[in-house]
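The values are calculated or read from the model by the stated rules, or taken from the named source; none is laboratory data. This structure is a prediction, so every number in the text was calculated from the model and none was measured. Cβ: placed from backbone, ideal geometry, glycine included. Neighbour counts: every protein chain shown. Side chains included, ligands, DNA and RNA excluded: accessible areas come from the protein's heavy atoms. Shrake-Rupley method; radii C 1.70, N 1.55, O 1.52, S 1.80 Å.
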Amino acid sequence: MEQPIKILIVEDNVIIADDMQSMLEEIGYEIVDNVIVYEQAVEVLKSQQVDLVLIDIILASDKTGIDLGKHIRENYDIPFIFVTSNSDRATVENAKTVKPNGYLVKPFEQQDLYTSIEIALSNFIYGKQNNGGSLSEDVNEDVPMSNSILKDSIFVKKQHLYYRIQFGDIQFIKADNVYLEVNTVDKKFLVRSPLKDYLEKLPKNKFYRAHKSYIVNVDHIDAINSKDIMINNTLIPISKDFKEFIISAMNS
C-alpha cells in the first residue's frame, strides 16, 4: 500500500507546532509526532519510522535543534529542515555545519512549507542517486529523479506528493520499452529504469527475474505450470531456469 511521507515536528511553541501540523495534514502528509525538546525527538526517531524532520533551532531544553540535526546526520539517513525565527549570519553559519536539507524562516505560509519539504525530499533522493543509490524516474518528464529505492521501500512520486511503497506489496514488475510497470495488489506505477538495474536494488531473497521482461516477488506466486506462473490472476511467462528454480524450491 502507498503511504504518505511521515514527518516529525520538533517545535517548542505549541501554537506554531499545531498550525504546522494542520497545514501538513491538509496537504496530505502524515505527522508521526509533535514534540518540543531534543530528548523527545531522539526517542521518536528511535522507535518510529520517520521520513523527514522539521526542527526549530531554539528548543525548550539545553540541546538545540542544531544538536538534533547533528544527531540525525550521525545516526539516520533522512532529510531534515530547520524552521526558525533566526536568520542572522551566526545562526545560519552554525546551522550549515550539520548540512540541513532546508532552512525555512518564520513566519511562513502553507505553500512555503510544502515547497520546502518537496524540494528537500527531491534533493535528498537525487543525492542518493548521485552517490550510487538506485533511482527511477517518474513518467512526468518535468520531475526528473522522482522515485528512489530506500531500505525496505520504494518512494514513488504521484501527483504532488511522494509515497512509500513497501517491497512486500510489490507483486511483479514488467518491462515495457523504456519504462517499468510496477504492480501492487491494486495499483500500477510507471517508472523509468532498466529492469536489470532495478532488480539489483530489490531484496534478493524475494525478487527474481522470471523472464527477460519480468521480475516477480516469489511470495505472491499463486500457481505454476510448465510455461507460466500466476500472480493475482495474471499469467506471467517464465524461463526454463526460473521454472527449475521454483520447482526445486517447492521440493526442498
Please report, as a whole percent, how much of the solvent-accessible surface of the range 35-83 comes from carbon and sulfur atoms (probe radius 1.4 Å). 48 percent
How big is the dipole moment of the chain about its Cα centre under a simple scheme where the beta carbon of each Lys and Arg is +1, that of each Asp and Glu is -1, and everything else is neutral? Debye, nearest 20, please. 1340 debye
Quick check: from the Cα gyration tensor, does the range 1-81 come out rounded (a/c under 1.5), prolate or oblate? oblate
Once the dipole of the chain is set up from charges on Cβ (+1 Lys and Arg, -1 Asp and Glu), the residue from the list Leu104, Leu68, Gly168 lying farthest towards its positive end is Gly168
³J(HN,Hα) computed for each position of the range 172-177 - Karplus, 6.51 cos²θ - 1.76 cosθ + 1.60, integer Hz, glycine/proline x: 7, 10, 10, 7, 9, 6
Counting as exposed only GluC sites (Glu not before Pro) in DSSP loop states with no more than 15 other Cβ atoms inside 10 Å, the longest exposed-site-free span of the chain is 142-252
Estimated dipole of the range 179-232 in Debye, rounded to 20 [Cβ of Lys and Arg +1, of Asp and Glu -1, Cα centre]: 240 debye
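Run the helix sum for the chain: -39,500 (n - 2.57) per DSSP H stretch of 4+ residues, divided by residue count, reported at 222 nm to the nearest 500 deg cm²/dmol.
Details: 7 runs with 82 residues, N = 252.
So the calculated ellipticity at 222 nm is -10000 deg cm²/dmol.
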Mind sorting out which of [x] 1.13; [y] 1.18; [z] 0.93 is the real Cα Rg over 2.2 N^0.38 Å computed from the coordinates? [y]
Tell me the carbon and sulfur percent of the accessible area for the range 151-252, rounded to whole percent, probe radius 1.4 Å. 50 percent
Could you give the accessible area per residue of the chain, probe 1.4 Å, as a whole number in Å²? 51 Å²
Around Gly168, with a cut-off of 11 angstrom between Cβ atoms, what is the net charge of the other residues, counting Lys and Arg +1 and Asp and Glu -1? -2
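How high is the relative contact order of the range 1-132? Use alpha-carbon pairs under 8 Å, at least six apart in sequence, and give a whole percent.
Values: 196 pairs, mean separation 27.3, N = 132.
Normalised by residue count, the contact order of the range 1-132 is 21 percent.
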In percent, how large is the relative contact order of the chain, given Cα pairs closer than 8 Å and 6 or more residues apart? 12 percent
